[in-house]
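Just so it is clear, none of the values below were taken in a lab; they were calculated from the coordinates. All figures in this text were calculated on a predicted structure; none of them were measured in a lab. Here the Cβ positions follow ideal geometry from the backbone for every residue, glycine too, while neighbour counts run over all protein chains shown.
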Amino acid sequence: MSEIWIQEEQLNAEFDEMVGHYVQLEGPIDSVYFISETMESVDDRDEQRDFLLAFLIKQDRYPLYLTFLCDDMMAEEFEKEFNELGIEYSYELLEEKQAYYTFFKRVTYHPRCFTLPIKDARTLSLALEHTFYLANMNEFYSLSYSQNLNFELKRVKEWGRWKNVSIPIFKTEEDTTFITIFYDGAGFFLYSNEDRYSSIQEVCSTFPEDSKVVQINDRLLDI
């Protein structure tokens, strides 16, 4: 049984830093929650992935758009896997330039942005099984019930140096609901403008039946 901690978040500078990847919202968002397996399980990334999968399957809503970034070498492997598994996908090259080193030279490349339009629970399960490790590695990884995500190249300052970075921008329309993954894959953030996720109680009512809420915000529940 999954034991779940849910916390309502406030949009501020501290939250932006916690979310990472310079995520930006284009428009208002009514509710944001952090949801995770309890801290005792936080080092088991498979449990975090499995709860996310169970949560999404319980919602029973499709299509669901999975988006992630990766380098060009990994992209070739993903294309091969998706073709073998029969998973529909598309990708685009972002403007940003990154680099890696071989024994002989420095190689520059444009990160690839993959989008998988998921239309059923089987495809969702396969997609998470084969890609969620990227979230564990802190690569950008998100799921959305609408095609509301784009990337813009912007200059940011990291470790005292300016660099060009692909910034994920979510357009928050009236019925927007989407998910980004917390650091090291240890839980996820649920953003929504929908009534079904308008309160912690409403969100908890959508959890899988074999899960138990053990903490709400800073309050431990008697179990």
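All distinct Cα pairs of the chain go into the 1/r average, and the inverse of that average, the Kirkwood radius, is 18.4 Å. As a proxy for reagent exposure, SER205, SER211 were ordered by neighbouring Cβ count within 10 angstrom, fewest first; the result is SER205, SER211. Simple point charges give the picture: +1 on the Cβ of Lys and Arg, -1 on the Cβ of Asp and Glu, and for the range 1-93 a dipole about the Cα centre of about 380 debye. A simple charge model with +1 on the Cβ of Lys and Arg, -1 on the Cβ of Asp and Glu and nothing else charged puts the dipole of the chain at about 920 debye relative to its Cα centre.
Of the trypsin sites (Lys or Arg not before Pro) in the range 65-135, which ones lie in a loop per DSSP and count no more than 16 other C-beta atoms within 10 Å? Passing sites in the range 65-135 are LYS97, LYS105, LYS119.
Projecting the Cα atoms of PHE103, PHE132, SER144 onto the charge dipole of the range 95-184, computed from C-beta unit charges around the Cα centre, puts PHE103 farthest toward the positive end. With a cut-off of 10 Å between beta carbons, the residues surrounding SER211 carry a summed charge of -2, where Lys and Arg count +1 and Asp and Glu -1. Loop-located chymotrypsin sites (Phe, Trp or Tyr not before Pro) in the range 116-219 (DSSP state other than H, G, I, E, B) with a sparse environment of at most 11 neighbouring Cβ atoms within 10 Å: TRP159. The order of HIS21, HIS110, going from fewest to most other C-beta atoms within 10 Å of their C-beta, is HIS110, HIS21.
In this simple spin-label approximation, ASP16 and THR108 carry label points 7 Å from Cα along the Cα→Cβ vector, and these lie 2.8 nm apart. For chymotrypsin sites (Phe, Trp or Tyr not before Pro), no site in the range 1-93 is both called loop by DSSP and has at most 14 other Cβ atoms within 10 Å. Here are some pairs, LYS97/LYS157; LYS80/LYS105; LYS105/LYS154; LYS97/LYS154; which of them have Cα atoms lying more than 23 Å apart in this structure? Distance filter (> 23 Å) returns LYS80/LYS105; LYS105/LYS154.
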